[in-house]
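Okay, structure first, notes after.
Only the coordinates and a few stated rules stand behind these numbers; no lab work does. All values reported here derive from a predicted model rather than from experimental measurement. Every residue, glycine among them, receives a Cβ derived from its backbone with ideal geometry; neighbour counts consider all protein chains shown.
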């Protein structure tokens with residue numbers, strides 16, 4: 001009998017199940033909303049909520065635990081500075097969790113995710129569901145440095161000067 005055994009098996013071995021749930025939570029952190037089956041959504045919900053609780057703690061130890069639970073590592077490639085900055089902004093799951101999602105839920109005591117039921121899947125009639133963050137509002141994007149109009153005008157002026165010089169040469 002399975003008394004007090006509440007882990008959903010999902011037809012997978014324990015290692016495969018843990019990896020799948022970690023990937024699902026990583027996608028939830030990255031995209032803020034995931035469409036999956038109802039069983040997977042129900043299984044991923046406690047994992048996501050525990051990860052957010054770690055994020056709210058905010059310590060280096062919590063970062064290490066979250067990275068280990070989500071099976072994330074830094075990029076293994078040698079990247080340029082711009083590529084590293086882009087990867088960190090868009091792909092670094094632990095940074096997104098600790099700097100964007102966890103501060104949004106600082107005042108909330110649990111219940112960070114919601115499951116919305118959808119129609120059945122066409123092929124096997126599995127129940128679809130959306131797993132998303134509750135009351136998540138994205139932080140305001142940092143204002144990027146805008147280039148002043150004076151800096152863009154010299155390039156345009158140079159192009160105009162070369163065109164006018166070419167037309168003068170043609171007239172001669």
* Value of D in µm² per second that Stokes-Einstein yields for segment 14-145, Kirkwood Rh from Cα pairs, at 4 °C (1.567 mPa s) -> 82 µm²/s
* **Cβ-Cβ FRET estimate between residue 130 and residue 2, R0 fixed at 35 Å, reported to 0.05** => 0.75
* Asked: In nm, to one decimal, how far is the modelled label at residue 50 from the one at residue 10, with both set 7 Å along Cα→Cβ?
  -> 1.3 nm
* Structure fact -> Most exposed to least, judged by fewest other Cβ atoms within 10 Å, 94, 134, 25 sort to 134, 94, 25
* Structure fact -> Gyration tensor (Cα only) of segment 53-123 to equivalent ellipsoid, semi-axes in Å sorted down, yields 26, 21, 12
* Asked: By how many nm would the segment from residue 90 to residue 78 lengthen if fully extended, with 0.36 nm per residue of separation less the alpha-carbon distance?
  -> 2.6 nm
* Asked: Would you list 118, 20, 1 from fewest to most Cβ contacts within 10 Å?
  -> 1, 118, 20
